Amino acid sequence: MLSVAAQIVATLDGRVPAIWVCISSARGSVPREAGAAMLVTADDASGTIGGGHLEYKAIEFARECIAARQTLATRRHFPLGPALGQCCGGAVELTFVPVQAADRADWQRLADTAERGGRFQWSLPLDSGGVAALDLAFTPWHVWVFGAGHVGRAIVQVLAALPCRVTWVDSREEPFPAALPAGVRLVATDDPAREAARIPAAADVLVLTHSHALDFDITLALLRRDDLGYVGVIGSGTKAATFRKRLAARGLSDNEIARMVSPIGQPAARSAAVTPAAQRWAASKHPGVIAVSVASELIARQQLLPRTHIPMRAEA
C-alpha cells in the first residue's frame, strides 16, 4: 500500500488541498501509537489514527482547516474518555499540517525517508506562534514476492492491505494482473535469482514461482545473504527436505539452511496447541487460506522486531 507520505506527494501533484494529521504524542491506553498519521482532503481520507470518534473528530477539524485555507500547523489535545465516547482512557495530541506546494521539498524528504528508513526532522511554525519540532524514525517493512501464480496473486492482495512495501517479481509478464493494488511494484525479469542482490536488508521474502528449479536458484541466492528477514518457500515437506539436501550440497551451513521456512502458510499446523479441525484448515492448499496464514506469520514476526519512534514535540 502507498504510505501516507507518498500519498502527500501525489496530492501535491494534483494540487488538491489537504491536511496531514499526525499523532504527535500519546499517553495511556490509545488506539494508535505516536507517529501514526492520515491524510485528509475535502472528499477523502487515507491512513488511520485509530478509527472511532477520535478519527471522526480529527477529519472534521482537518476539513475545517481546509475550508479556512489554513497555512500554519496547529495542535489539538483529545482525551479519549467520555467526551469522545471512547473507553481507552488515554489521551493524544494531534498536529494538523497543511499540505502546501511551498513545502514540497520537505514532503518529498518525508516520503523518501519513510520509504528507505531513517530519521526525519522538520521544524514547523504553529498558528500559536510556537514551533513544532517533528522528529520521526522510520523502519519500513519490505516484502518481496517471487511468483505471480494463484498463490502469489492471493498473497499480494492480502499484503497490499498491510503497512508494507511489496515488490512482486516474475520471469513472465503475462501472469501479472492488469489492475494492481496501490503501492505494489512489479519486476519482470529473465533472471529472478539475480534480483536477490537488490532486496533491501531485513526484508521478508516469499518464493513461490511456477518452477521448482527456479525456486531453488532464488532460495540459494537468498540464503547466501545473512541480512534478510523471513525467507519462505512454498511447497510440501518432501520439497523442503529435498531443498535442504541440495542446499547443503552447495556448501550452505546448517544455520544458513535453517533460515528457510518451508512449507509456508502452516504455522498453526506446526503447533500442537490447536484443535484437529484448525490444523486441517491451517494445512489447506487453498490460495486464500495460504495467503492469510502467511501474512499472519509475517505480522507475528514483525511484532517481535524492535521499533523506534521519536514523537513530535512542541517548542515555544
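For helix 212-223, what angle does its Cα long axis make with the longest principal axis of the chain, in degrees from 0 to 90 and rounded to 10? Tilt relative to the chain: about 60 degrees.
Over segment 142-303, what relative contact order in percent results from Cα pairs under 8 Å that are six or more residues apart? Mind dumping the intermediate values first?
Values: 257 pairs, mean separation 35.9, N = 162.
Reported as a whole number, the value is 22 percent.
Mind sorting Ile264, Ile66, Ile155 by how few other Cβ atoms lie within 10 Å of their own Cβ, fewest first?
Numbers: Ile264 24, Ile66 19, Ile155 30.
Sorted ascending by nearby Cβ count, the order is Ile66, Ile264, Ile155.
Counting Lys and Arg as +1 and Asp and Glu as -1, what is the net charge of the other residues whose Cβ lies under 11 Å from the Cβ of Ser262? Walk me through the numbers before you get to the answer.
Working: positive: Lys239, Arg244, Arg259; negative: Asp215.
Cβ neighbours under 11 Å give a net charge of +2.
Shape annotation for segment 161-262: C-alpha extents along the principal axes are 41, 26, 23 Å, from largest to smallest. Of all DSSP-defined beta bridges confined to the chain, some 60% are antiparallel rather than parallel. Using C-alpha pairs below 8 Å separated by at least 6 residues, the relative contact order for the chain is 17 percent.
Report, in deg cm²/dmol and to the nearest 500, the calculated mean residue ellipticity at 222 nm for the chain, where each DSSP H run with n ≥ 4 adds -39500 (n - 2.57) and the sum is divided by the residue count. It would help to have the intermediate numbers written out before the result.
Details: 9 runs with 105 residues, N = 316.
Result for the chain, helices only: -10000 deg cm²/dmol.
To the nearest 20 debye, what is the magnitude of the charge dipole of the chain about its Cα centre, counting +1 on the Cβ of each Lys and Arg and -1 on the Cβ of each Asp and Glu? Could you put the intermediate results ahead of the total?
Working: 32 positive and 29 negative charges, 162 e Å.
Using only the charged Cβ atoms, the result is roughly 780 debye.
Relative to the longest principal axis of the chain, what angle (0 to 90°, nearest 10) does the C-alpha long axis of helix 104-116 take? Rounded to the nearest ten degrees, it is 30. What is the distance in Å between the Cα centres of segment 122-161 and segment 90-107? When both Cα centres are located, 16 Å separates them.
Kindly express, to the nearest 10 degrees and within the range 0 to 90, the angle between helix 52-67's C-alpha long axis and the longest C-alpha principal axis of the chain. Tilt of helix 52-67: around 60 degrees.
Most exposed first by the Cβ proxy, i.e. fewest other Cβ within 10 Å, how do Arg165, Arg109, Arg116 rank?
Values: Arg165 22, Arg109 15, Arg116 12.
Ordered from fewest to most neighbouring Cβ atoms within 10 Å, Arg165, Arg109, Arg116 come out as Arg116, Arg109, Arg165.
Just Ala188, Ala62, Ala37 to compare: in a GNM of the chain, with alpha carbon springs under 10 Å, which one fluctuates most? The residue with the greatest mean-square fluctuation here is Ala188. In percent, rounded to a whole number, the relative contact order of segment 4-138 is 27, using alpha-carbon pairs under 8 Å and six or more apart.
Each reported figure results from applying straightforward, stated rules to the coordinates on display, with no laboratory input. What you see is a predicted model, and the numbers here were worked out from it, not measured in a lab. Glycine gets a Cβ as well: all are built from the backbone with ideal geometry, and neighbour counts include every protein chain shown.
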